[in-house]
Amino acid sequence: LRLLLGPSSPAGRRGAFLLVRAALGLLCAASEASMCAAMRVAVGHREATALLVVFATSVAMFCASTTFLPSSFSMCGLAFAVSLSLLRRHRAAVHVAAVSALLGWPFAGLACVPVGLYAIGGLGLVRTVLHTSIAGLLTVLGTAVVDRLAYG
């Protein structure tokens with residue numbers, strides 16, 4: 001949007017700001033929906049319905065995701081990681097948890113510990129550490145490349 005309206009245009013800056021807020025809100029809604037779907041598959045319809053009611057009557061995650069808190073991306077990433085864990089997709093869960101902690105808010109990495117412990121039960125210690133290391137390395141390298149291109 002800023003490219004269309006010009007980088008110094010007030011409408012371009014405001015439009016980009018609103019577009020990012022909308023994207024974060026959609027990301028949060030998608031993470032909540034994936035948790036409900038994974039809960040239905042893993043545990044049952046009744047529990048998934050209860051979770052849906054909790055999400056529908058509480059706007060806390062949605063409001064937090066659109067306020068640009070440092071942990072917003074990590075919160076949504078952790079929700080996706082929990083969903084993947086419930087579906088027993090441990091490798092993907094570990095990758096998503098590592099990326100959300102490294103890109104979002106590193107202090108939220110502590111909340112990813114249960115996902116890692118559950119992955120150790122499913123994959124074993126060595127494979128869990130290997131996949132976590134791969135995800136971390138790729139995330140750090142990707143961040144370094146983007147920072148180098150953007151900031152020199």
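Observations, loosely collected:
- Restricting 96, 145 to residues that are under 26 Å from residue 23 (Cβ atoms), out of contact with any Pro (no Cβ under 7 Å at 6 or more places or on another chain) and surrounded by 18 or more Cβ atoms within 10 Å (Cβ to Cβ) narrows the list to 96.
- Output for segment 59-90, where each listed residue is crowded, with 16+ Cβ neighbours inside 10 Å, in a loop (DSSP other than H, G, I, E, B) and of a type in the set (Val, Ile, Thr): 66
- Residue in segment 110-128 that is on the phi < 0 side of the Ramachandran plot, without any contact (Cβ under 8 Å) to a residue 24 or more places away in the chain and of a type in the set (Gly, Ala, Ser) present: yes
- In segment 99-129, the residue that is least open to solvent (accessible area, probe 1.4 Å) out of those that are β-branched (Val, Ile, Thr) and over 14 Å from residue 38 (Cβ atoms) is 128.
- Residue in segment 54-63 that is over 26 Å from residue 110 (Cβ atoms) and at pLDDT below 90 present: yes
The values are calculated or read from the model by the stated rules, or taken from the named source; none is laboratory data. If you're wondering where the values come from, they're calculated on a predicted model, not measured in any experiment. Note that each Cβ is placed from the backbone with ideal geometry, even for glycine, and that neighbours are counted across all protein chains shown. Ligands, DNA and RNA are excluded from the accessible area calculation, which covers all protein heavy atoms including side chains. Shrake-Rupley method; radii C 1.70, N 1.55, O 1.52, S 1.80 Å.
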